[in-house]
1. Would you tally the net charge around B:GLY222, using a Cβ to Cβ cut-off of less than 12 Å, leaving B:GLY222 out, and scoring K and R as +1, D and E as -1?
2. Would you mind counting up the charge near B:SER261? Only other residues with Cβ under 14 Å from its Cβ, with Lys and Arg at +1 and Asp and Glu at -1.
3. Out of B:VAL231, B:VAL118, B:VAL280, any idea which swings most in a Gaussian network model of chain B, alpha carbons joined below 10 Å?
4. What's the magnitude of the charge dipole for the protein assembly as shown around its Cα centre, counting Lys and Arg as +1 and Asp and Glu as -1 at the beta-carbon? Answer in Debye, nearest 20.
5. Based on the inverse mean of 1/r over its pairs of different Cα atoms, what is the Kirkwood hydrodynamic radius of region B:11-170, in Å?
6. Using Cβ counts within 10 Å as a stand-in for footprinting exposure, how do A:ARG71, B:ARG127, A:ARG99, B:ARG285 rank, fewest first?
7. Let me know the charge dipole size of chain A about its Cα centre in debye, to the nearest 20, where only the beta-carbon of Lys, Arg (+1) and Asp, Glu (-1) is charged.
8. Got a sec? Charge dipole of region A:4-102, +1 on Cβ for Lys and Arg, -1 for Asp and Glu; which of A:LEU36, A:ALA26, A:GLN47 is way out at the positive end?
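What follows is calculated from the coordinates using simple rules that are stated; it is not laboratory data. Values in this document were obtained by computation on a predicted structure and should not be read as measured data. Positions of Cβ are backbone-derived with ideal geometry, glycine not excepted, and every protein chain shown enters the neighbour counts.
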Amino acid sequence: MKMHEAKRVEIMIEAIMESQVTRSLAAAGVTGFTILPVLGGSGRSGQWTREGSVSRASGMIAVICLVAPTRLDALLEAIFPVLDDHIGVVSVTDTQILRAERF
Amino acid sequence: MDQILSLAGQNLLSPVILCFVLGLSAALARSDLTFPEAIAKGMSLYLLFAIGFKGGASVAEHGADLRLGMAVLVGVVLSFLLPFAAYLLLRSLARGVSATDAAAVAGHYGSISIVTFVAASTLLQARGITFEGYMVAVAAAMEAPAIVSALWLATRGGSGTKITPDLWREIMLNGSIVLLLGAFTIGWITGERGLAEIAPLIVAPFKGVLCLFLLDMGIVAGRGLRNARGVISAGVIAFGLLMPLVGASVGALAGLLLGLSAGGVTLMMVLAASASYIAVPAAMRVALPKANPALYLTLALAITFPFNLTLGIPLYMAVASALAGG
């Protein structure tokens, strides 16, 4: 099976910022992404969990997208202004995909 | 004083408050007792719908008058102004708190806690004290204006942000405001007939669901207290206990000027004394990301909310009864 090089970008960010992130991705031409709920965790801002959460202010989500390596810089430049001061982590890993024309 | 202590004693031994204490104790003891997010959210939606609908039905039964409009207007003004008092009080009591953090906290104290409102109205009903049904509309009206004041205070301190269309949407179309006002409107339109049709859902189980919700709130508050080390100083705690009394005093004055009943004055005091932990934290995360969420969530949820629930409400009830009669 023919595999193609790609980049997997994982954006862990406050749930409240979901629409801003997805809009920025769309503006950068990234229309394919997956949003996952995150159970809980710990970081510079302390521990948190989504259980019993009464406010969207305290939840986190993970936005995952797979892009061709040539589109990575445009994606990061588009989302950086949204992430800037917010709690979150962005990581980029090398991966391989089938059907490269879709990315 | 005896009346306040007696009311506080009765209040503390009600199932609603005992459930909150159970949740708080469980979290502080590091029990694994927890509510899944979806259930907590479901209960919150149920309570907002029920309280909104019943408020609207009450207005339909008793009729709307000029006082309704005046009460809503006064609520909006209070919500705009209370953040300024909160900002000054916090900055004077806790000098280490930054201007941005103080502005974010101030926004929470100008807005309201709908759960405290629901608990207070339930306790009033349990004692046979009536109140104006339109206080639900006042509660909804007081949710958002404080956010604008908080952002103005932060901008003055050099860390604010412009209110973008996204933020306006977050503020004005926040789910809790939409549901509360929507249910109020439906209740007003359909009146007692509509209430009778869905009473088995929104009247009979109401107190039981409130107990479970407050159990969950106790867990969240306890967890907040556990994680608050390093954020909460003596000055911050003093603010969390004093600001409700400042707000309640202003609320009492407003309620008396409006000519509300003793129950109505109590609820106006509760609204002015409580701090938001649903609508405002979300808006602050978008607009003031540099403000420390641990500070404002701990203050609103783990200090002021338990204070209002256990001691504040009976105190406000006693003061309102003494001032407004009934």
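1. After counting each charged neighbour, the total is +2.
2. Taking every other residue near B:SER261 into account, the sum is 0.
3. B:VAL231
4. 500 debye
5. In region B:11-170 this quantity evaluates to 18.2 Å.
6. Details: A:ARG71 17, B:ARG127 12, A:ARG99 8, B:ARG285 24.
Least crowded to most crowded, the residues run A:ARG99, B:ARG127, A:ARG71, B:ARG285.
7. 300 debye
8. Positive-most Cα among the choices belongs to A:LEU36.
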